[in-house]
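The structure appears below as structure tokens.
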Amino acid sequence: MVVSAVLALAGCAGGDRLGADLADHADGRAVGPPTVQALTDVMVWDIFNPPQASRVYAYATVAGYEAARLGDAAHASYAGRLTGLDLLHEAEGEVDARLAATHAFFRVADAMVFSVERLDPARDSLLATFAALPEAVRERSEAHGEAVAAHVLAWAAADGYARTRSLPRYTPASEEGAWQPTPPAYIEAIEPHWGQLRPFVLDDVAAYQAPDPPPFSTEAGSAFFEDVREVYAVDQALTDEQRAIAAFWDCNPFVLYEEGHLSYAAKKISPGGHWMGIAAIATEAAGDAPVEAWAALSQTAVALADAFIVSWMDKYRTNVIRPETVIRRTLDPMWQPVLQTPPFPEYTSGHSVISAAAAEVLTAIYGDLAFDDDVEVPYGLPVRSFDSFRAAAAEAAISRLYGGIHYRPAIENGVVQGRAVGEAVVARLRPESLAATRP
């Protein structure tokens, strides 16, 4: 198969938002959104898979928060609350916390992405807003950010990620009902060992295990085959709105298209990237001060990261076959789902888990905030409006049924699983002052 072109769609609309946010930053308001947008654009370009992207968001935004909270007694360190994170370096002398946070974020991001140079424009523009600071303050601020970043990177190095890079590749099981690679690219299963990573907040990942899915069966009337039939039936009767919902929440970082003898790929935002974008929208809508923005972004990122660990634990524990494979074998050999099936087992639905987790954190901070979600505009999709974060999460979850890539139990049990993760993050990390200081 020849890949004839790669459509690099990342960042085509990021510039407008970045420019506006830099102006806000110069007035002393939130610094989170432009940095997160820059990191998202680079990870889209580098084609980070969803679990990997969530890990980068978490460590980079935690570094931003830990530097931003300098001198703010109302916002406590995450040390001792995030697993394995010890007390961080304290600055000496006058330090600008905003500059320190910006520097810490980008230093961690630099260490974790491939195309480091693509972070430079956003970094340079942001750092230029601090040009009026006295030179000694700038130097101390950057040194503090550097120290925080080094501490966070040392913490990250012990999370088990490096070990998983050397573990054996996943070999699809041969028994009936086990996951198999799906067309058009038949990509091997990604991140089969992700459930072994050290979580950020969860004390016992196994305690968040979802109920077992229905046992595989193609017998008429069996629970599993009724779920298969539902996916097929929903696909046959999709409305235009349901197709739009499926497309909006696709968030597949690498989609392969075929035209005749040629194939080409499109890069898209990851599901975690979409929710980090929603978190950025919320920080802007609330007019958050820098430390509040970093708190919201880092807590959302931690929820996403732990949700991916939990979901991936269940995916490779249950190893459930995808609807596309079963439907082609039993109901319709030519059937194709609306969305391209991602390359990993089906249960639980990652979108359902991570969306529910992020929504719980954001609701704890901002309440039932109505918002316009423009995160997918750079990827050619229109704005969608939601009455609350939980409403957005519910739509993200059901979109996987509309897209033909998940059965209902993976969606419904995934939502429950994600809510539990989000609640654990809120219980451990949410500073009371964040809610108390809101108008």
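The values are calculated or read from the model by the stated rules, or taken from the named source; none is laboratory data. Treat the numbers as computed from the prediction; the structure is a model and nothing was measured. Methodologically, a virtual Cβ is constructed for each residue, glycine included, from the backbone with ideal geometry; neighbour enumeration extends over all protein chains shown. With ligands, DNA and RNA removed, areas are computed over all heavy atoms of the protein, side chains included. Shrake-Rupley method; radii C 1.70, N 1.55, O 1.52, S 1.80 Å.
Quick notes on this structure:
- Residue of 42, 377, 228 that the Gaussian network model of the chain assigns the largest fluctuation, springs spanning Cα pairs under 10 Å: 377
- The stretch 181-266: C-alpha gyration tensor shape, a/c 1.5 cut-off, then a/b vs b/c: oblate
- The distance from the alpha carbon centre of the stretch 126-182 to that of the stretch 78-103 is 16 Å, rounded to a whole number.
- Placing +1 on each Lys and Arg Cβ and -1 on each Asp and Glu Cβ, with no other charges, gives the stretch 366-406 a dipole about its Cα centre of roughly 220 debye.
- Centroid-to-centroid, using Cα positions, the stretch 305-372 and the stretch 381-401 are 14 Å apart.
- Fraction of accessible area attributable to carbon and sulfur, the stretch 128-206 (%, probe 1.4 Å): 55 percent
- Each Lys and Arg contributes +1 and each Asp and Glu -1, all at the Cβ; summed about the Cα centre of the chain, the dipole is approximately 680 debye.
- Overall form of the stretch 69-171 per C-alpha gyration tensor (a/c, 1.5; a/b vs b/c): oblate
- Note that the chain shows a convex hull volume over its alpha carbon atoms of 135 Å³ per residue.
- When you restrict to C-alpha pairs under 8 Å that are six or more residues apart and normalise by the size of the chain, the relative contact order lands at 22 percent.
- For the stretch 296-335, a simple Cβ point-charge model (Lys and Arg +1, Asp and Glu -1, everything else neutral) yields a dipole of about 160 debye relative to the Cα centre.
- Shape of the stretch 271-377, Cα gyration tensor, a/c cut at 1.5: prolate
- Residue with peak Gaussian network fluctuation, the chain [Cα springs, cutoff 10 Å], from 73, 296, 53: 73
- Spin-label pair residue 167/residue 317, simplified geometry with 7 Å Cα→Cβ offset, distance in nm: 1.4 nm
- In order through the stretch 119-135: 3J(HN,Hα) via Karplus (6.51 cos²θ - 1.76 cosθ + 1.60), integer Hz, x for Gly, Pro: 7, 4, x, 5, 4, 4, 5, 5, 5, 5, 6, 9, 4, 7, 5, x, 4
- Extension gain, residue 416 to residue 237, is 61.7 nm, computed as 0.36 nm per intervening residue step minus the present C-alpha separation.
- Restricting the stretch 33-104 to GluC sites (Glu not before Pro) in coil, as DSSP defines it, with at most 13 other Cβ within 10 Å: 90, 92, 94
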